[in-house]
1. Go over the candidates Lys239, Lys252, Lys282 one by one and state the one that is touching a strand residue (DSSP E or B) at 6+ places or on another chain (Cβ under 8 Å) and closer than 25 Å to Arg26 by Cα.
2. What number goes with the only condition from (1) buried (at least 18 other Cβ atoms within 10 Å of the Cβ); (2) more than 29 Å from the chain's Cα centre (by Cα); (3) over 30 Å from Lys1134 (Cβ atoms) that Ala1046 does not pass?
3. Restricting to region 198-229, give me the number of residues that are at pLDDT 90 or above and either in a strand (DSSP E or B) or under 16 Å from Thr374 (Cα atoms) (or both).
4. Please specify each residue of region 927-952 satisfying the condition of being of a type outside the set (A, V, I, L, M) and part of a helix (DSSP H, G or I).
5. Go through the residues of region 1093-1110 one by one and say whether even a single one is free of Cβ contacts under 8 Å to residues at least 40 places away in the same chain, among the β-branched types (Val, Ile, Thr) and crowded, with 17+ Cβ neighbours inside 10 Å.
6. Out of the residues in region 711-744 that are under 14 Å from Thr658 (Cβ atoms) and part of a loop (DSSP other than H, G, I, E, B), which is farthest from the chain's Cα centre (by Cα)?
7. Which of the residues belonging to region 391-412 are surrounded by 17 or more Cβ atoms within 10 Å (Cβ to Cβ) and without any contact (Cβ under 8 Å) to a residue 24 or more places away in the chain?
Amino acid sequence: MTQSDAHKELLKLLYTDELTHLYNRRYLKEQIPKYLAQAQQRDLTVAFFMFDMDNFKGINDTYGHQTGDSALVHFAKILVNTFKKGGIPIRYAGDEFMVISLGIDKNKAKQLGEVVEEKLRNTPFNAGNEQLKLQCSIGVSLFPGDGENVDTLFEKADEALYIAKHQGKGRVCIYPDSGKLLTPEKLDSVLASPYIVGRDEILKFIENHFSHHGDNRIFPIILGKDGTGKTRLIKYAQKIVEKNLAFCLHCKGYPFWQVEPYGIAFSALSSFFEKNTAISDKVFKELEDEFKRVLKPRIYAWDNKEFPEDIGVDMEPDNVELFKALMRVLMILRESGKGAILLDDADQIDKASLQLFDAMFADEESAEILFLATINVKDSAEEDEKILSLLSSMRKVSDNGELKKFNLKPLKREHIRQFIAKVFDGAQLKEELEDRLLHNSGGNPLFVVETLSFLLQNNKIQTEGDKWNLANIETKDIPTNMDDLLTERLMNMDEESINVLKLASILGEQINPHQLSELSGLKFQQVMDILGNAKRALLIEETPNPEEYIFAHRLDRSVFYSLLSEEEKEKYHALAAEIEKKHSGGALERVVGRLAYHYQSAGQLDKASRLFSSFKKQMENVLISEGTRKILQKRIITSSMAKESPLEDADLANAVETARAFKVAMQNLRLYPRENENVKKSIEKFKEYLDGFLGQKTEALSISFTSETMVFNGQPPPPNKTDPKLTQEMYSQLSSYGLQGLLFIRGVTFDEIVDFLELFTMKPEEVATRWDKIVEEKNFEHILPDRKIFVAVGEHNISLQERELVAQTIGESESGDASSTQDEKSAQMLGEQQVEKIKKLVDEFKQDKQELIQALKSGKVDNSTMQRLIDLLEKSTGVPGTKVLQPQETAPKEQQKPSSSEERYKDVLPDVELVRESEVDISLAFKDLTSPDTITRAKAAAWLIKQDADKVVPVALEVICSDTSIKVSKLAAAVVVKMGTQAVDMLLKKIHPGMSEQSLKNFIDVADLFLENPNLLPKLKEIILVGSPGAVRKCFALLRRIPSKAVNPIVIDLFERASGKMKLEVLTLITERNIKEAIPNLVEIIRPVKFWEQEQKIPLQVQVCRALGILKSPESEDALIDAAQIHKPWTMLKTKPDQVRATAVWALKQLPESNRLNTLLEKLKTDKSSAVRKAVGT
């Protein structure tokens, strides 16, 4: 099979419905937009037919699903036969079909629809021994009059279909040219995109911000509670961006993105490319093959792109490759003009994607990108926490951006009135109904929309002709709370749909119909039918990926998940884990987070623990350091504007000479100052070579080295022009500085070359790990280092081939042994061996060669020049202590004895002041604190106390945090205490959680000496919250030793702020110190929640119940009783898991007796749970 044949086969699999062999909904989403674009160019109409088989569920229920499938095939054949001369039949979902027909008007469309109806009636379907007459309802919309995109045309055809069914089925309904259809039963038509009211300030800002004069330095954030309209505002912003700017990436955050690095970036790009095929084609065409290999398997909009087989795809790229590939796509996108990135629920977006988007913030290199983010918050405390968390992943925004916050407030009465008038074409509620709706909703837009959905479903809102009638609504019809709304919604669903959506909640926020089909045991199309109905009821939404859905709101998922028993949850999570593994195609690293979630929920904690550990490493590995990101970004941005063109053989030969000129210029600058004439000439010669390439032949010249070859713009030199010696030397030299090559861009200047070459006069270890900072500090625009980057788990440093590379430089012997055989501590003379090495160095120079030899022979080389040569040799070879010979001296055969001190210093003026200053050096006094003599230590301490705190405290801190003995550290701390409160304050301000773990531990060892200072306890709290594990353990140990009650408020505050194991550690402190003031905080942890709300972690609830039992306070009785008992369904409260209930019972038995308590314990003796009965004592 040829590559072209394989591609066609792939497209057939992607776009064909397995049962009917018609096109599928994916074809509608991805290919019909191109069809519309062609129709627009030719000024043709396109009819959208929507077919729905009437009473199809009855066929399935009566005759079985196999007969139902045969009926669908029968109907598909009739569609193909009717539209064979002009139409594209599509099976959208279940018993829903579409036909896209070119060049017909609405009259012709109505006639064709009636032909389908007639053929169905005249072509009975054989169901076993019976013949069934099938019929269908048909809705039609027309491009471009009814809409100019697939989504709008689909919605209007669907609305017309609903009218056809409402009017008696078996008929055709055409969407009207004027006015609109009123479909109260079709919630997704009436309320899917509700109007925005009460947000005038934000709407005005969005319109101004997403225009050609919008300020890209502003980072706006919309904050609000559930249901306040954040996502609606993002969608409004998306419309403005798509109207005014070149591109828009809409990123919707969900918890599942946290376990898929770069997941939101891939999803947003796929969604954009799917809607904008011309831009998608342009980006894919311009993208380099190395990046296509990485991205094609991850951007589903590119599934159908042809790709050379010899290149293949990269299923497991490392973090740097992913970042570079995605950055390159954004750079190509940005070439099309100003664009926007919208981050909806930004706190739920993975850190890797945030880091990527942050790289594009306020960048002046090319077209600007504007941002807008939303965050779901409950209160101001959570607001600050989530904003700080977001900014920790977006450092450029934090450092350079101007945050602009919009807090969404509850709607007012006039806003609700305005909203209802817009939805129902001017119709209004009675005043008392407005008052009730405002009171019950608290001004929450989601509650208002859900209430209207409730009234529509219950026929309280009706239509009379082309007008809405709200007169039948009574005050009692307005739901009192969200609980009533959600309960009513469930009652309107059939049992099979409820069961499928319960299982969908097991999968998480992301619903894959194929996985749901396996989990439920239903056929794929049955699942699709149920999901389609759930979408119309506004319970779920489609994602940009045609094969995925999501719950419309987090509350919806919580409702269905709460309907499952604990046993069902464990069973189906275990099954979901196996299905997830099966669908991963062997690439478990891409689903490790979801697998861990399923294993944990299934009670398989050992598997979950291993996977969470693996996932943590995966996340650490994918996040790259700020510095690494900057250098990668700079290289991608610069190289994207400068293409590396192929070179001819003659050019490649010159390129070798360019590399040689670079080496000579680098060595000259290591010998002489930059002002030296020889340095200037060698750099000018190198630049002359460079300009020969960058002038006309290529915009960029890359030079890379391995130990065996050099490569220019990806091409090796001709065989007769290779230079193995030069290759090896340059490879060794660059490798020692952490480089594998260099990239020169058109526009490079002489000064830029000099600045870059001067870096090679420094020691390799001073440069190799700092290329990112150096590039930024020196502002290199046209020279970029091609750095060898290996990001290890848990750290971001450079490791070259997992070993330290030593520079093989000019001082080494042929054997590679550059060490001296003499004692390393003794001074060495410039003897015969050194002269030979210098001769070897000299031979490598061209223009400098004769001049240097003559200078050496004449003995007129000054000391400074000779010393630079010696320093170079020492740096390169590790030769220590070389002595500079005076020009008139010759090297003696035996080492000379040093002259006396008097002779050595006879011509030097004394610096008495310097000696005096050194004698009062604070560090010397602290050194005396280590003296074995008690009197010396005491004198040193007394002397230090009298000195200036500004000088003493920094040195004291160094001593305290060092690895010195605890005795000396305590003495240093005591000196600071004796100096007074100001000194202690100064020292505590210098302590911060970012210090090394050992430094913090050493400080905590002496921290009890500072107990009287009020700043110590807040400092310990800060270390506990964000410090390293070892330091945190030390802090807890110290808090346990402090008897003062001043510790208690700190402990309570820690309990509120901490999470995970740390929270449990603080809980232990609460019980050890008997802190009864913490009881209100503890009972909040075990408070029963509504079934759509999220529970606190079960192990934490168990430990809190135990703690309340130990504290034995009657104040906790009510909370423990609520945790122990089984709640009735109408209370909408979740019953606690058995282990929580059992521990709550144990805690209740520790409290003083009461009638209510005794009644409950008696009732629990017959509880279904053996753990609860055992806790009661039966």
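The values are calculated or read from the model by the stated rules, or taken from the named source; none is laboratory data. Since we're looking at a predicted model, the values are computed, not measured. Because the Cβ atoms are built from the backbone with ideal geometry, glycine has one as well, and the counts that use them run over all protein chains shown.
1. On the way: Lys239 fails: touching a strand residue (DSSP E or B) at 6+ places or on another chain (Cβ under 8 Å); Lys282 fails: touching a strand residue (DSSP E or B) at 6+ places or on another chain (Cβ under 8 Å).
When all the criteria are applied, what remains is Lys252.
2. All conditions are met except number (1).
3. Count: 15.
4. First, pick out the residues of region 927-952 that are of a type outside the set (A, V, I, L, M): 927-928, 930-934, 936-937, 939, 943, 946-948, 950-951.
The answer is Lys927, Asp928, Thr934, Thr936, Arg937, Lys939, Trp943, Asp950, Lys951.
5. Checking region 1093-1110: at least one residue is free of Cβ contacts under 8 Å to residues at least 40 places away in the same chain, among the β-branched types (Val, Ile, Thr) and crowded, with 17+ Cβ neighbours inside 10 Å.
6. In the first step, residues of region 711-744 are kept if they are under 14 Å from Thr658 (Cβ atoms); the result is 711-713, 715, 717, 721, 723, 726-727, 730, 741-744.
Those left that are additionally part of a loop (DSSP other than H, G, I, E, B): 713, 717, 723.
Working: Asn713: 33, Pro717: 42, Asp723: 46 Å.
Restricting to residues being under 14 Å from Thr658 (Cβ atoms) and part of a loop (DSSP other than H, G, I, E, B), the top hit is Asp723.
7. Within region 391-412, Leu391, Ser398 meet the criteria.
Listed here are the residues, each with its yes/no results for (1) surrounded by 17 or more Cβ atoms within 10 Å (Cβ to Cβ); (2) hydrophobic (A, V, I, L, M, F, W, C); (3) in a loop (DSSP other than H, G, I, E, B).
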| residue | (1), (2), (3) |
| --- | --- |
| Pro954 | no, no, no |
| Ile960 | yes, yes, no |
| Ser969 | yes, no, no |
| Ala983 | yes, yes, no |
